[in-house]
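Take a look at the structure below.
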Amino acid sequence: MIPMVNLKAQYAEIKDEVEQGLAETIANCSFILGPNVHAFEQECADYLGVKHAIGVASGTDALHLALIAEGIGPGDEVITTAFTFIATAEAIRYVGAKPVFVDIDPKTFNISPEAIEQAITPNTKAVMPVHLFGQPADMARITAICAQHNLKLIEDCCQSFGASIGGRQTGAIGDAGGYSFFPSKNLGAYGDGGLVVTNSDAAAETIKMLRNHGSKVRYYHDIIGYNSRLDEMQAVILRAKLKRIDRYNGARRRAAHRYSELMADLPLTTPFEDGIGEHVYHQYTLLCDRRDEVMKALQENRIASAIYYPVPLHRQNVFKDECAGVSLPNTERVAATCLSLPICSELDDQTIEKIAGVIRGVLKG
Ligand SMILES: *Cc1c(COP(=O)(O)O)cnc(C)c1O
């Protein structure tokens, strides 16, 4: 079976380094907020070009804690996209705010700046773009809108570790950014993990307290916090992978370009790169009217494929009543035809050719 991501092949190359680091951690018994978490945070801050990087328990928590630290709460509206993973909107609801879903650009699949502007009301307090599938959202225009309307800008970077725009990393542009280290992400742990980045000293201090029971000094608690720390063992694994992230992302980009080259003449739409940001291809997602047939043929050839995302958030059971009047035509059209193919840093040319060949067989056969 050709999987969506080949984590086994990636592990083979980092095995010695990871196993040595894990053995040292177990021998030292420094399991919570230990030296690897602190070192990883500093390495992430340096890599991402931000003042503060704070390890937390998941990407969902990263977004949740960032929203609290930015002062978003009950009655506030947060404008976001419906074409994303549910966690984007869950984080908004956790703080008592209302996710306001707006449409996407049908080419990049990212939130539309015009749609953001049209959705602004006196209750709007923040915008949360998602750099979907690893392609940066249109941050120049979104930043300008947020500045003009005095809105907080919190970036969902859960799919975009290493993606940049004009040399600036995603997450380093807005007031805060949230990353996920779920195993299948571009920078993936061997369990859950996440990171909040910000250039604000005050927000960073709040997030550090929030992740650790509202405490700065052990057993002295200033606010109600959470248990949401990045695990020390995961930090060992993430440090080994962070060193290699540019190579991993470069290999993903090359694989994506090879797919697009091989399928350029087929009746489907290969991923669009806007030429402004650097896409890191968390997913390679195309549009195809004959999606069901293609998926079936891939499955028969033991090739994984997936639909990210079959149901946009405004049509999910949990939101469909409050979103009854919401119509997002681009989102709905893309959700009906999108298909993601296997992609990872270990995908070789031969495998890409095989996968593209199966798709060609369906569409040109
Ligand atoms: C993965 C993901 C999240 C949540 O991250 P977890 O670490 O699984 O909590 C949030 N938003 C997007 C867009 C994601 O892809």
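Would you check if there is a residue in region 343-361 being in a loop (DSSP other than H, G, I, E, B), aliphatic (A, V, I, L, M), under 16 Å from ALA256 (Cα atoms) and in contact with a strand residue (DSSP E or B) (Cβ under 7 Å, 6 or more places away or on another chain)?
Yes, that holds for at least one residue.
Check ALA264, ALA251, ALA255, ALA324 and return the single one that is more than 29 Å from THR80 (Cα to Cα), among the hydrophobic types (A, V, I, L, M, F, W, C) and assigned to a loop (DSSP other than H, G, I, E, B). Even if it seems obvious, please write down each step before you answer.
On the way: ALA251 fails: assigned to a loop (DSSP other than H, G, I, E, B); ALA255 fails: assigned to a loop (DSSP other than H, G, I, E, B); ALA324 fails: more than 29 Å from THR80 (Cα to Cα).
Only one candidate qualifies: ALA264.
Report yes if some residue within region 171-190 is under 22 Å from LEU48 (Cα atoms), of a type in the set (Lys, Arg) and within 13 Å of the ligand (Cβ to nearest atom); otherwise report no. I'd like the intermediate steps shown before the answer.
Initial filter on region 171-190 (under 22 Å from LEU48 (Cα atoms)): 171-190.
Subset that is of a type in the set (Lys, Arg): 185.
Adding the requirement that they be within 13 Å of the ligand (Cβ to nearest atom) leaves 185.
Looking through region 171-190, at least one residue is under 22 Å from LEU48 (Cα atoms), of a type in the set (Lys, Arg) and within 13 Å of the ligand (Cβ to nearest atom).
Based on this model, can you work out whether THR206 counts as assigned to a helix (DSSP H, G or I), among the polar types (S, T, N, Q) and touching a residue at least 12 places away in the same chain (Cβ under 8 Å)?
yes
Enumerate the pairs (first residue in region 127-153 and more than 18 Å from ALA62 (Cα to Cα); second residue anywhere and away from the ligand (no atom under 16 Å from the Cβ) and assigned to a loop (DSSP other than H, G, I, E, B)) with beta-carbon separation below 6 Å, excluding pairs fewer than 6 apart on the same chain, so at least 6 apart or on different chains.
Correct list of pairs: MET139/ILE173; HIS149/ILE120.
Let me spell it out: the conditions are (1) assigned to a loop (DSSP other than H, G, I, E, B); (2) among the acidic types (Asp, Glu); (3) surrounded by fewer than 17 Cβ atoms within 10 Å (Cβ to Cβ), and GLU293 meets all of them except one. Which number is the exception?
(1)
So, in region 40-52, of the ones that are closer than 20 Å to LYS185 by Cβ and not charged (D, E, K, R), which residue ends up farthest from the ligand (Cβ to nearest atom)?
Selected residue: GLY49.
Which of the following residues is out of contact with any helix residue (DSSP H, G or I) (no Cβ under 7 Å at 6 or more places or on another chain), assigned to a helix (DSSP H, G or I) and among the charged types (D, E, K, R): GLU43, GLU17, GLU13? Explain how you work it out, then say what you get.
Values: GLU43 fails: out of contact with any helix residue (DSSP H, G or I) (no Cβ under 7 Å at 6 or more places or on another chain); GLU17 fails: out of contact with any helix residue (DSSP H, G or I) (no Cβ under 7 Å at 6 or more places or on another chain).
When all the criteria are applied, what remains is GLU13.
Which ones in region 54-78 are surrounded by 24 or more Cβ atoms within 10 Å (Cβ to Cβ) and over 28 Å from ASN123 (Cβ atoms)?
Those that are surrounded by 24 or more Cβ atoms within 10 Å (Cβ to Cβ) and over 28 Å from ASN123 (Cβ atoms): ILE54, GLY55.
Check every one of the strands (runs of 3 or more DSSP E) wholly within region 86-197 and list those with 1 or more residues that are basic (Lys, Arg).
98-102, 124-128, 152-156
Listed here are the residues, each with its yes/no results for (1) closer than 21 Å to THR206 by Cα; (2) more than 16 Å from the ligand (Cβ to nearest atom); (3) modelled with pLDDT under 95.
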| site | (1), (2), (3) |
| --- | --- |
| ILE54 | yes, no, no |
| THR60 | yes, no, no |
| ALA69 | yes, yes, no |
| PRO74 | yes, yes, no |
| VAL78 | yes, no, no |
| ALA119 | no, yes, no |
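Which count do you get for residues in region 169-188 that are aromatic (Phe, Trp, Tyr) and closer than 7 Å to CYS157 by Cα?
Count: 1.
Scan region 80-116 for residues that are within 27 Å of ASP201 (Cβ to Cβ) and either out of contact with any Ser or Thr (no Cβ under 8 Å at 6 or more places or on another chain) or away from the ligand (no atom under 16 Å from the Cβ) (or both) and jot them down.
Listed by number, the residues that qualify are TYR94, VAL95, GLY96, ALA97.
I need the full set of residues from region 331-357 which are surrounded by 20 or more Cβ atoms within 10 Å (Cβ to Cβ) and among the β-branched types (Val, Ile, Thr), in order please.
THR331, VAL334, ILE343, ILE352, ILE355
Return a yes/no flag: does region 268-283 have any residue that is of a type in the set (Val, Ile, Thr), closer than 28 Å to GLU77 by Cα and crowded, with 20+ Cβ neighbours inside 10 Å.
Looking for residues that are of a type in the set (Val, Ile, Thr), closer than 28 Å to GLU77 by Cα and crowded, with 20+ Cβ neighbours inside 10 Å, one finds none in region 268-283, hence no.
What is the one condition in (1) in contact with a helix residue (DSSP H, G or I) (Cβ under 7 Å, 6 or more places away or on another chain); (2) at positive phi that VAL197 does not satisfy?
(2)
Please work out if TYR179 is closer than 19 Å to GLY277 by Cβ and in contact with a helix residue (DSSP H, G or I) (Cβ under 8 Å, 6 or more places away or on another chain).
Yes, satisfied.
Across region 139-163, which residue is farthest from ILE79 (Cα to Cα) among those that are surrounded by fewer than 20 Cβ atoms within 10 Å (Cβ to Cβ) and not charged (D, E, K, R)? Give the steps one after another, and end with the answer.
First pass over region 139-163, keeping only residues surrounded by fewer than 20 Cβ atoms within 10 Å (Cβ to Cβ): 140-141, 143-145, 147-150.
Filter again for not charged (D, E, K, R), leaving 140, 143-145, 147-150.
On the way: ALA140: 17, THR143: 13, ALA144: 15, ILE145: 12, ALA147: 15, GLN148: 15, HIS149: 13, ASN150: 13 Å.
Across region 139-163, the extreme among qualifying residues is ALA140.
The values are calculated or read from the model by the stated rules, or taken from the named source; none is laboratory data. The structure displayed is predicted, hence computed values, not measured ones. Please note: Cβ atoms are built from the backbone with ideal geometry, for glycine as well, and neighbour counts cover all protein chains shown.
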